[in-house]
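Trainee: Take this structure first; my questions come after.
The values are calculated or read from the model by the stated rules, or taken from the named source; none is laboratory data. In this text, all values refer to a predicted model and were calculated from it rather than measured experimentally. In this analysis, Cβ positions are derived from the backbone assuming ideal geometry, glycine residues included, and neighbour counts consider all displayed protein chains. Each accessible area value is taken on the protein alone, full model and side chains, heavy atoms only, with ligands, DNA and RNA left out. Shrake-Rupley method; radii C 1.70, N 1.55, O 1.52, S 1.80 Å.
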Amino acid sequence: AKSRGTGSYAFFDDQLRASAVEQLKVTTDLTESLDDHEFELYYQSIIDVATGETAAFEALIRWHHDGIVHPPEYFIPIAESSDIIIDIGRWALGRACEQLAQWRNAIDGGNQAVSVNLSARQLRDVDFVSTVTDTLAAYGLPASALWLELTETALIDDDDIALTILEQLSSLGVTICIDDFGIGYSALGNLNKYPIDVVKIDKSFIAALGTQDEGDPKHHVLVTSIEAMSTALGLITVAEGVESADQLEQVKAIGCQFAQGWLFGMPLPMMQPWTDHVRPASQ
Ligand code: C2E
Ligand code: CA
Ligand code: CA
Ligand code: CA
């Protein structure tokens, strides 16, 4: 038994080493990828439930590398372990604003926003606010055209830098969204402490709504409570991961102002005509 134990330790050790080597390779490859134009943003509509119109497009990053389109789960956590995420984040912000400016020009009177995901490290970057103002100015966009999404994990290190940055962004008129609300680390006090405008209710709650007849009533209570609390605090809610008409009916009845999910469309790359991104809810 003892020798087997030793053997499995050796095996475990090899695995760890392999994953450390893999991580290092990905880190090196990521640094080169910005120059090599290997990143791309996909966009998914955030729909105003009352009108069925697109209020914003969420930008979701992809990495074209080694002949594969890698999802963000594969490389964002690795990028987040170093300052590479600052450069990737700056690229994503710039690309999203550039694309939005093109769309707003193409759509007569287009006033959609673009919603960009942030990592914790970007909220510790003292240059972040000027990066945002410079980017908006470069593409002639008002601050109201930009939504920024952060998870509560990004607020865990209670060092006031994030608070200062978010307050500056908020006073500029940028919309601040709490992403994946209700899962993992969650402190309700965050909703008052930080200048938050939008609560994105995590898709796991919406999935658990199921169908009106067969869904979990407890999850209906949770979504209803999050919506009621948000509305009472003057915040807007987005139901994430809406996949069925039944779920849409429920989040509509509950009072969520916005909805997002496969029911309205998958995230699509920008070469698609913009009309594909603003497909109304009825189609
Ligand atoms: P997220 O911000 O919560 O984004 C929503 C995820 O749900 C996306 O996955 C989207 O494709 C997926 N989704 C959309 N509609 C539905 C639906 O109806 N059902 C289900 N089951 N899923 C749906 P994706 O694109 O793989 O992104 C994963 C995560 O990666 C994002 O989660 C976000 O946290 C992160 N991410 C994406 N782009 C960026 C970025 O530019 N910067 C940073 N820091 N993180 C990013
Ligand atoms: Ca998001
Ligand atoms: Ca989310
Ligand atoms: Ca509401």
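Trainee: Has the stretch 151-174 got at least one residue that is open to solvent by less than 20 Å² (accessible area, probe 1.4 Å) and either assigned to a strand (DSSP E or B) or within 16 Å of ligand 4 (Cβ to nearest atom) (or both)?
Mentor: Among the residues of the stretch 151-174, not one is open to solvent by less than 20 Å² (accessible area, probe 1.4 Å) and either assigned to a strand (DSSP E or B) or within 16 Å of ligand 4 (Cβ to nearest atom) (or both), which makes the answer no.
Trainee: Can I ask one more? Checking the condition more than 13 Å from ligand 1 (Cβ to nearest atom), farther than 24 Å from residue 145 by Cβ and in contact with a strand residue (DSSP E or B) (Cβ under 7 Å, 6 or more places away or on another chain), which residue from 32, 38 passes?
Mentor: 38
Results for (1) more than 16 Å from ligand 1 (Cβ to nearest atom); (2) among the small types (Gly, Ala, Ser); (3) within 20 Å of residue 200 (Cβ to Cβ); (4) touching a residue at least 60 places away in the same chain (Cβ under 8 Å), shown as yes or no for each residue.
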| position | (1), (2), (3), (4) |
| --- | --- |
| 98 | no, no, no, no |
| 118 | no, no, yes, no |
| 123 | no, no, yes, no |
| 129 | yes, no, no, no |
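Trainee: So, one more: From the list 29, 66, which one is over 27 Å from residue 161 (Cβ atoms) and surrounded by fewer than 13 Cβ atoms within 10 Å (Cβ to Cβ)?
Mentor: Criteria check complete, one pass: 66.
Trainee: Tally time: how many residues in the stretch 220-266 are polar (S, T, N, Q), within 22 Å of the chain's Cα centre (by Cα) and open to solvent by less than 20 Å² (accessible area, probe 1.4 Å)?
Mentor: Summing the residues that are polar (S, T, N, Q), within 22 Å of the chain's Cα centre (by Cα) and open to solvent by less than 20 Å² (accessible area, probe 1.4 Å) in the stretch 220-266 gives 4.
Trainee: With the structure loaded, tell me whether residue 191 is within 16 Å of ligand 4 (Cβ to nearest atom) and either in a helix (DSSP H, G or I) or open to solvent by 60 Å² or more (accessible area, probe 1.4 Å) (or both) or whether it fails that test.
Mentor: It is true that residue 191 is within 16 Å of ligand 4 (Cβ to nearest atom) and either in a helix (DSSP H, G or I) or open to solvent by 60 Å² or more (accessible area, probe 1.4 Å) (or both).
Trainee: Moving to a separate point now. Does the stretch 181-201 include one or more residues that are among the acidic types (Asp, Glu) and over 30 Å from residue 102 (Cα atoms)?
Mentor: There is no residue in the stretch 181-201 that is among the acidic types (Asp, Glu) and over 30 Å from residue 102 (Cα atoms).
Trainee: Can you tell me which residues in the stretch 116-133 are open to solvent by 70 Å² or more (accessible area, probe 1.4 Å) and either touching a His at 6+ places or on another chain (Cβ under 9 Å) or part of a loop (DSSP other than H, G, I, E, B) (or both)?
Mentor: Answer for the stretch 116-133, where residues must be open to solvent by 70 Å² or more (accessible area, probe 1.4 Å) and either touching a His at 6+ places or on another chain (Cβ under 9 Å) or part of a loop (DSSP other than H, G, I, E, B) (or both): 126, 127.
Trainee: Pick out the one residue from 95, 104 that is touching a Leu at 6+ places or on another chain (Cβ under 7 Å) and either open to solvent by 30 Å² or more (accessible area, probe 1.4 Å) or assigned to a loop (DSSP other than H, G, I, E, B) (or both).
Mentor: Selected residue: 95, the only one of 95, 104 that is touching a Leu at 6+ places or on another chain (Cβ under 7 Å) and either open to solvent by 30 Å² or more (accessible area, probe 1.4 Å) or assigned to a loop (DSSP other than H, G, I, E, B) (or both).
Trainee: Oh, and also: Taking only pairs six or more apart or across chains, which ones have beta-carbon atoms under 7 Å, a first residue in the stretch 180-200 that is closer than 15 Å to residue 238 by Cα, and a second residue that is among the charged types (D, E, K, R) and within 16 Å of ligand 4 (Cβ to nearest atom)?
Mentor: 180/200; 181/200; 200/240
Trainee: To continue, here is another question. Residue check: is residue 110 on the phi > 0 side of the Ramachandran plot and of a type outside the set (D, E, K, R)?
Mentor: no
Trainee: Inside the stretch 134-150, can you point out the residues that are among the polar types (S, T, N, Q) and surrounded by 16 or more Cβ atoms within 10 Å (Cβ to Cβ)?
Mentor: Listed by number, the list holds a single entry, 135.
Trainee: Kindly list the number of the only condition in (1) more than 30 Å from residue 127 (Cα to Cα); (2) within 16 Å of ligand 4 (Cβ to nearest atom); (3) not basic (Lys, Arg) that fails for residue 204.
Mentor: (2)
Trainee: Would you mind listing the strands (runs of 3 or more DSSP E) fully within the stretch 16-78 where at least 3 residues are modelled with pLDDT of 95 or more and closer than 30 Å to residue 255 by Cβ?
Mentor: Per the criteria, 39-48, 54-65.
Trainee: Still on this structure, I have one more. Name every residue in the stretch 82-92 that is in contact with a Ser or Thr (Cβ under 8 Å, 6 or more places away or on another chain) and assigned to a loop (DSSP other than H, G, I, E, B), in order of residue number.
Mentor: Once the filter is applied, which keeps residues that are in contact with a Ser or Thr (Cβ under 8 Å, 6 or more places away or on another chain) and assigned to a loop (DSSP other than H, G, I, E, B), the stretch 82-92 yields only 82.
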